[in-house]
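Asker: Have a look at this one.
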Amino acid sequence: MASTKTVTREDVLHMAQLSRLTVDDDEIARFTGQLSDILSYMDILGKVDTSAVEPLYSPVFHAPTMREDVAENKRERADMLRNAPDGNDEYFIVPRIV
Amino acid sequence: MSDILDMTLASLAEALKEKKISAAEAAGACLDRMEATEPRLCAMLHVDREGALAQAKAMDDKGPEADKPLWGVPVTVKDALVTRGMPSTAASRILEGFQSMYDAYAVQRLREAGAVILGKNNMDEFAMGSTTENSAYQTTHNPWNLDRVPGGSSGGSACSVAAGQCFASLGSDTGGSIRQPASFCGCVGIKPTYGRVSRYGLIAYGSSLDQIGPMARSVEDCACVLSVIAGHDGRDSTCSPEPVPCYEAGLAQASLKGRRIGMPREYFGEGLSDGVRKAIDGVAACARQEGAELVEVSLPHSEAAIATYYIVAMAEASSNLARFDGVRYGHRTADPKDLQDLYTLSRKEGFGDEVKRRILLGTYVLSSGYYDAYYRKAAQVRRLIRDELREALAGVDCLLAPVSPVAAWPIGQHSQDPLQLFLMDAYTCPVNLAGLPSLAMPAALDGDGMPVGFQLIGREFGEAGLFEMGAAFERALPGIGSPRL
């Protein structure tokens, strides 16, 4: 498919930076073409007249139900730390930031 | 033992209650079937043989419980639903070894109903794909032809059900991920109305589109499981308070006589393969014969559905997947030099290509300067698509449509061309944009002996009507039999 949108190496790097994702040269080479094709295909939406149309962000059929804003504290700290790649009995541990 | 596997879920549940079959025998039959077929099918990411047998044995010792509709019934669960005591990875490296501290609501409901959970099904990573080829662990094979894809993303679930490894499986459907693999593997699957089943514990992909649903070998079996998993749950604010009927009641008497069935003109145009067209024509002819009235309806915005769907899905995915950062759970890169490095390298190493593409594109359509042109525009077109579907449904009992434009294709065929695969979702994704229910079930086998499915699309919370019409179709159509394995 001929692309009308051209996604550049810089675009991919910018998106990757916003997404907190490292991309290597192979990925950049692969993604620029694929993302160009996909975004070009999205041009089809330009044909639809939406001038007086309210966006629909969720198809939910009822008014969202709310509960009282009270902390439940249902989980045990030890359970929540169990899957951590690094931690001690109390905290998740990350590389030093200050 | 093998005759256990020929039973429907409904008849097995009956036999278990009457103690004609023990829970351990039922679980054992499915587990043996898994052992015999898994080397060829690769439908499971995790099998809890010992745990399932121990649970079944303990249940047998206590005896059947009449108030548990799925007492002793062996089931499997798509790996996107978190399940206590088993790994839950969504088929991603980034969640390798992850053990949830809680059950997804739908899984909890299965357990409360007495089901025996045998294990977790393979899928496309984070439900992004339509073949299971995007799984970080393995590609599932179609039980009707091992060289072909089972569909996806709930391809492992569809394969397990079709191959007799279980009596039902839970899948999830964001743009067709229950219906398309059900169609490819020749089983029944329903994408319920948005809000019908709680999404609590479903590893999120596109939160305004995702819905959990059952997959099984008959319409009644599917209905039995939906009755169990549907219903209000305060932990998902989008989960509906609408009462849950007994979906399996009255299916034996259901008929198509006097039903008005709409056929969307746009779903039968260019791109629909001859094999699928022929199968759907057969379903339409059957409907007429059974006394239904078929009317043509029009959904003029169908052409824009795929672009709309992918923009919404990718935007929501980029946001949902931000939680995988290598800090609280999941993969962490070795020796990061700082926190930024920890995030970006953990995500690079943990996510596969398709997930990265969707995160990048989702970030793009939400980014400053592009938000209005892509995300807001898609949300506007979404309203038009929903409105025209509801309008079409106002005059009919359901819509009859193909599920996929083609039957299952060979493994590897489209794996290098992501856009080509997106285009296959044309008939399934509009329903997710609109939040409507859709039941997929077998129509016929095509010339290559591969199953072709059709879908019945209903009004919101119209699942009971879809099951009735589905059950009537099931009786009237010749049926496709089972795969020979």
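The values are calculated or read from the model by the stated rules, or taken from the named source; none is laboratory data. Please read these numbers as outputs of a predicted model, since none were measured by experiment. Reconstructed Cβ throughout: ideal geometry from the backbone, glycine too, with neighbour counts over all protein chains shown.
Asker: Please work out which residue is farthest from B:Leu423 (Cα to Cα), limiting yourself to the stretch B:273-292 and to residues that are touching a residue at least 60 places away in the same chain (Cβ under 8 Å), part of a helix (DSSP H, G or I) and of a type in the set (D, E, K, R).
Answerer: B:Lys278
Asker: Pull out all pairs, ordered by first then second residue, where Cβ-Cβ is under 6 Å, the residues are six or more apart or on different chains, the first lies in the stretch B:349-364 and is within 20 Å of B:Thr333 (Cα to Cα), and the second is charged (D, E, K, R).
Answerer: Between residues of the stretch B:349-364 that are within 20 Å of B:Thr333 (Cα to Cα) and residues that are charged (D, E, K, R), the close pairs are B:Gly350/B:Arg93; B:Gly352/B:Glu125; B:Val355/B:Glu125.
Asker: Does B:Arg484 satisfy the criteria of being surrounded by fewer than 23 Cβ atoms within 10 Å (Cβ to Cβ) and free of Cβ contacts under 8 Å to residues at least 12 places away in the same chain?
Answerer: yes
Asker: Please indicate, with yes or no, whether at least one residue in the stretch B:247-262 is out of contact with any helix residue (DSSP H, G or I) (no Cβ under 8 Å at 6 or more places or on another chain) and assigned to a helix (DSSP H, G or I).
Answerer: Yes, there is a match, as at least one residue in the stretch B:247-262 is out of contact with any helix residue (DSSP H, G or I) (no Cβ under 8 Å at 6 or more places or on another chain) and assigned to a helix (DSSP H, G or I).
Asker: Shifting gears a bit: With respect to B:Val295, is the statement that it is assigned to a loop (DSSP other than H, G, I, E, B) and either among the aliphatic types (A, V, I, L, M) or at pLDDT below 95 (or both) true?
Answerer: In short, no.
Asker: Let me ask another. Go through the stretch B:316-434 and tell me which helices (runs of 4 or more DSSP H), entirely inside it, have 1 or more residues that are facing chain A (nearest Cβ under 7 Å), more than 28 Å from B:Gly458 (Cα to Cα) and of a type in the set (Lys, Arg).
Answerer: B:339-350, B:353-366
Asker: Name the residue that is farthest from the other protein chains (Cβ to nearest Cβ), counting only residues in the stretch B:185-221 that are in contact with a Cys (Cβ under 9 Å, 6 or more places away or on another chain) and not in a loop (DSSP other than H, G, I, E, B).
Answerer: Here the residue is B:Cys185.
Asker: Something else: Filter the stretch B:173-184 down to the residues that are touching a residue at least 60 places away in the same chain (Cβ under 8 Å) and assigned to a helix (DSSP H, G or I) and list them by number.
Answerer: Across the stretch B:173-184, the qualifying residues are B:Arg179, B:Gln180, B:Ala182, B:Ser183, B:Phe184.
Asker: Does the stretch B:2-14 contain at least one residue that is closer than 29 Å to B:Ala127 by Cα, more than 21 Å from the chain's Cα centre (by Cα) and in contact (Cβ under 8 Å) with a residue 40 or more places away in the chain?
Answerer: Within the stretch B:2-14 (the criterion being closer than 29 Å to B:Ala127 by Cα, more than 21 Å from the chain's Cα centre (by Cα) and in contact (Cβ under 8 Å) with a residue 40 or more places away in the chain), the answer is yes, since at least one residue qualifies.
Asker: Could you tell me which of the residues A:Ser51, A:Ser19 is free of Cβ contacts under 8 Å to residues at least 60 places away in the same chain, facing chain B (nearest Cβ under 8 Å) and small (Gly, Ala, Ser)?
Answerer: A:Ser19
Asker: Do we have B:Ala304 as under 24 Å from the mean Cα position of the chain (by Cα), over 25 Å from A:Thr8 (Cβ atoms) and facing chain A (nearest Cβ under 8 Å) here?
Answerer: Here the answer is yes, as B:Ala304 does meet what is asked.
Asker: Now for a different question. Are any of the residues in the stretch A:85-96 more than 30 Å from B:Pro243 (Cα to Cα), in contact (Cβ under 8 Å) with a residue 12 or more places away in the chain, acidic (Asp, Glu) and at the interface with chain B (Cβ under 8 Å from one of its Cβ atoms)?
Answerer: No, there is no match, as no residue in the stretch A:85-96 is more than 30 Å from B:Pro243 (Cα to Cα), in contact (Cβ under 8 Å) with a residue 12 or more places away in the chain, acidic (Asp, Glu) and at the interface with chain B (Cβ under 8 Å from one of its Cβ atoms).
Asker: Taking the condition of being of a type in the set (Gly, Ala, Ser), out of contact with any helix residue (DSSP H, G or I) (no Cβ under 9 Å at 6 or more places or on another chain) and at pLDDT 95 or above, how many residues in the stretch B:90-123 meet it?
Answerer: Within the stretch B:90-123, residues that are of a type in the set (Gly, Ala, Ser), out of contact with any helix residue (DSSP H, G or I) (no Cβ under 9 Å at 6 or more places or on another chain) and at pLDDT 95 or above number 2.
Asker: Being in contact (Cβ under 8 Å) with a residue 60 or more places away in the chain, in a loop (DSSP other than H, G, I, E, B) and either closer than 16 Å to B:Ala27 by Cα or among the small types (Gly, Ala, Ser) (or both) is the filter here, so list the residues in the stretch B:73-90 that pass it.
Answerer: Of everything in the stretch B:73-90, those that are in contact (Cβ under 8 Å) with a residue 60 or more places away in the chain, in a loop (DSSP other than H, G, I, E, B) and either closer than 16 Å to B:Ala27 by Cα or among the small types (Gly, Ala, Ser) (or both) turn out to be B:Val73, B:Ala80, B:Ser88, B:Ala90.
Asker: Could you check the stretch B:22-42 and list, in sequence order, the residues that are buried (at least 20 other Cβ atoms within 10 Å of the Cβ) and not in a helix (DSSP H, G or I)?
Answerer: B:Cys42
Asker: Look through B:Phe461, B:Phe467 and report the one residue that is part of a helix (DSSP H, G or I) and either modelled with pLDDT of 95 or more or in contact with a Pro (Cβ under 6 Å, 6 or more places away or on another chain) (or both).
Answerer: After applying the criteria, what remains is B:Phe467.
Asker: Being within 21 Å of the chain's Cα centre (by Cα) and part of a loop (DSSP other than H, G, I, E, B) is the filter; apply it to the stretch B:43-72 and report the residue that is farthest from B:Asn134 (Cα to Cα).
Answerer: The qualifying residue farthest from B:Asn134 (Cα to Cα) is B:Leu70.
Asker: With respect to B:Arg109, is the statement that it is crowded, with 21+ Cβ neighbours inside 10 Å and either of a type in the set (Lys, Arg) or free of Cβ contacts under 8 Å to residues at least 12 places away in the same chain (or both) true?
Answerer: Answer is yes for this residue.
Asker: Among (1) more than 13 Å from the chain's Cα centre (by Cα); (2) hydrophobic (A, V, I, L, M, F, W, C); (3) in a strand (DSSP E or B), there is one condition B:Ala136 misses while meeting the rest; what is its number?
Answerer: Of everything listed in (1) more than 13 Å from the chain's Cα centre (by Cα); (2) hydrophobic (A, V, I, L, M, F, W, C); (3) in a strand (DSSP E or B), B:Ala136 misses just condition (3).
Asker: Is it true that some residue in the stretch A:38-45 is more than 20 Å from B:Asn320 (Cβ to Cβ), touching a residue at least 40 places away in the same chain (Cβ under 8 Å) and either crowded, with 18+ Cβ neighbours inside 10 Å or within 7 Å of another protein chain (Cβ to nearest Cβ) (or both)?
Answerer: Yes, the conditions are met somewhere in the stretch A:38-45.
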